[in-house]
Amino acid sequence: MNLPNAITLSRLVLAAVFVVAMGFPGLPGYLVALVSFSVAAATDWLDGYLARKMGLVTPLGKLLDPLADKILVCAAFVFMSVLDFAPVWVTALIIGREFLVTGLRQIAVEAGQVLAADRLGKWKTTFQLIFIIAGLVQLCCLALDEAGPFLQFMTGLTARDGLVIQPSLWISLALTVISGGNYVWSGRHLLVGK
């Protein structure tokens with residue numbers, strides 16, 4: 001196994017750590033969830049960069065990389081809905097888009113074609129990560145329950161109706177819909193069997 005694939009596999013492990021940690025409400029669980037999610041999000045860029053730079057792009061990496069991304073982000077959105085950071089319908093739409101795009105990509109692969117990721121999809125992911133990390137920071141701040149200027153600032157900044165959570169959620173939703181539509185449009189020939 002090469003280094004980029006090992007990093008991708010570590011993201012799957014970190015996704016599992018994140019899910020388990022979120023099952024333990026309180027500062028220790030939320031802190032482990034924040035760190036594991038943040039490290040997994042940071043390594044999302046790293047594995048692809050190294051694979052291209054080192055000439056180690058493999059079919060396994062092409063399969064595991066988007067799978068790890070989807071597991072991590074979808075699990076996080078489910079928890080964000082359970083904790084009232086995101087409406088359930090938003091999470092359902094985001095997860096539905098991920099299944100749709102994954103299905104289209106699989107159809108394209110079977111047809112010997114590629115539906116490449118576009119800029120909107122990358123921006124969607126960026127705003128999703130901002131939303132999730134801000135939500136996890138908010139959970140940690142609330143679990144600390146201490147007063148201090150920095151903690152008060154972070155608690156206010158990441159509040160559910162604050163400057164980060166709502167804008168990043170709604171921007172990620174808009175980009176989810178638009179980029180999903182772009183994928184369907186780009187792959188429409190695959191859907192009609194041409």
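The values are calculated or read from the model by the stated rules, or taken from the named source; none is laboratory data. Just so it is clear, the model here is predicted, and its values are computed rather than measured. Backbone-built Cβ (ideal geometry, glycine too); neighbour counts: all protein chains shown.
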> Residue check, S81 against (1) surrounded by fewer than 21 Cβ atoms within 10 Å (Cβ to Cβ); (2) polar (S, T, N, Q); (3) in contact with a Lys or Arg (Cβ under 8 Å, 6 or more places away or on another chain), all met but one. Which one?
Replying inline: (3)
>> Please go through segment 48-59 and give me each residue that is surrounded by fewer than 14 Cβ atoms within 10 Å (Cβ to Cβ) and assigned to a helix (DSSP H, G or I), ordered by number.
In response: Y49, R52, K53, P59
>> Taking the criterion of being surrounded by fewer than 16 Cβ atoms within 10 Å (Cβ to Cβ), hydrophobic (A, V, I, L, M, F, W, C) and farther than 30 Å from A159 by Cβ, would at least one residue in segment 63-78 satisfy it?
In response: yes
> Which ranges mark the helices (runs of 4 or more DSSP H) fully within segment 85-194 that have 3 or more residues being in contact (Cβ under 8 Å) with a residue 60 or more places away in the chain and within 16 Å of the chain's Cα centre (by Cα)?
Replying inline: 88-110, 119-144, 165-186
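Let's see how each residue does on (1) among the basic types (K, R); (2) farther than 30 Å from H189 by Cβ:
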| residue | (1), (2) |
| --- | --- |
| F18 | no, yes |
| V35 | no, yes |
| S38 | no, yes |
| D44 | no, no |
| V88 | no, yes |
| V101 | no, no |
| R105 | yes, no |
> List, please: which pairs have Cβ atoms under 6 Å, are six or more places apart or on different chains, and start with a residue in segment 63-77 that is more than 13 Å from L14 (Cβ to Cβ) and modelled with pLDDT of 95 or more and end with one that is β-branched (V, I, T) and surrounded by 19 or more Cβ atoms within 10 Å (Cβ to Cβ)?
Replying inline: F77/T91; F77/I94
>> Being surrounded by fewer than 19 Cβ atoms within 10 Å (Cβ to Cβ) and under 20 Å from A41 (Cβ atoms) is the filter here; which residues of segment 123-153 pass it?
In response: W123, T126, I130, I133
> Within segment 31-47, restricting attention to residues that are over 22 Å from M80 (Cα atoms) and surrounded by fewer than 18 Cβ atoms within 10 Å (Cβ to Cβ), which residue is nearest to the chain's Cα centre (by Cα)?
Replying inline: W45
>> Given the options V20, V109, V57, name the one that is β-branched (V, I, T) and at pLDDT 95 or above.
In response: V20
> Taking the condition surrounded by 15 or more Cβ atoms within 10 Å (Cβ to Cβ), more than 19 Å from T8 (Cβ to Cβ) and charged (D, E, K, R), does R97 pass?
Replying inline: yes
